Amino acid sequence: MENIITERLIIRRFDENDWMDLYEYLSDEEVVRFEPYNVYTKEQAMEEAIYRAGAKSFYAVCLKENGKLIGNLYLGKGEFDTWELGYVFNRSFQGQGYATESARALLDYAFTSLGARRIIAMCNPKNEQSWKLLERLPMRREGMLLQNIYFKTGAQGEPLWVDTYEYAILKNEWKLDIDRNK
Ligand SMILES: CC(C)(COP(=O)(O)OP(=O)(O)OC[C@H]1O[C@@H](n2cnc3c(N)ncnc32)[C@H](O)[C@@H]1OP(=O)(O)O)[C@@H](O)C(=O)NCCC(=O)NCCS
């Protein structure tokens, strides 16, 4: 994959040296609050950077101006030419449109170069920043699943069930949006 360049960002494959920037945000309780994992230790961040350097689904999002890795996107291939989008950004770099800018570029890459027909994303309805981002892309809310999953357990080891919003966008919807904004 060639790097994807946007106005302010470079989207590239992970490198094992990315672990420090990865640790900076994966060790933040607020950032991993809705994720299916807990905060990372330095050792886990090192292993994760090595894993991601060899994984096709993870994309590092870096600032053009200084190369700093500020977050990551995930784009995993499923069945029926459907891909799933995910994203996690360093708190210091949220609220500036970087997630929207990079995710839009990745959706475009998926539809134009990877053969994606449909892209989906899921998030907890309580994760307002996440579904607001999805609606900016613009993805459509297709459903709300009640207590369909749990990532974390309570004090007695009981599942902490959570609800899920499901979002999607089809290739033709994406094209229409691009044409509308020309
Ligand atoms: C979900 C997540 C990536 C969203 O990040 P974000 O910073 O809110 O999204 P963006 O980068 O698109 O920034 C949008 C915000 O920046 C503002 N903004 C400032 N400059 C902007 C610009 N040039 N372009 C667009 N938006 C801009 C927008 O108004 C918006 O603010 P608002 O939320 O007050 O409406 C982030 O909250 C995150 O990493 N959370 C933790 C991990 C997580 O929960 N992942 C999802 C699991 S499902």
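Descriptive notes on the structure:
- Accessible surface ranking for Ile70, Ile120, Ile149, 1.4 angstrom probe, highest first: Ile149, Ile120, Ile70.
- Among the protein heavy atoms, those of Phe89 account for about 20 Å² of accessible surface (1.4 Å probe, every chain in place).
- Sites Glu65 and Tyr150, calculated FRET efficiency, Cβ-Cβ separation with R0 35 Å, nearest 0.05: 0.30
- The range 4-180: relative contact order as a whole-number percent, Cα under 8 Å and 6+ apart: 18
- Within a Gaussian network of the chain (alpha carbon springs, distance under 10 Å), most fluctuating of Leu85, Leu137, Leu114: Leu114
- Between Gly54, Met1, Trp19, the Cα set farthest toward the positive side of the dipole of the chain (charges on each charged residue's Cβ, about the Cα centre) is that of Met1.
- You can think of it this way: the chain between Phe80 and Ile10 has 22.3 nm of extra reach, that is 0.36 nm per residue less the Cα-Cα gap.
- Legend: Rg and Dmax of the chain, from Cα coordinates, 16.4, 55 Å.
- Taking the range 148-173 and a reference point 7 angstrom along Cα→Cβ of Arg141, the backbone N atoms nearer than 18 Å belong to 148-149, 162-170.
- Estimated inter-spin distance, Glu2 and Met20, nm [label 7 Å along Cα→Cβ]: 3.1
The values are calculated or read from the model by the stated rules, or taken from the named source; none is laboratory data. Treat the numbers as computed from the prediction; the structure is a model and nothing was measured. Counting neighbours? That spans all protein chains shown, and the Cβs are built from the backbone with ideal geometry, glycine included. Accessible surface areas use protein heavy atoms only, side chains included; no ligands, DNA or RNA. Shrake-Rupley method; radii C 1.70, N 1.55, O 1.52, S 1.80 Å.
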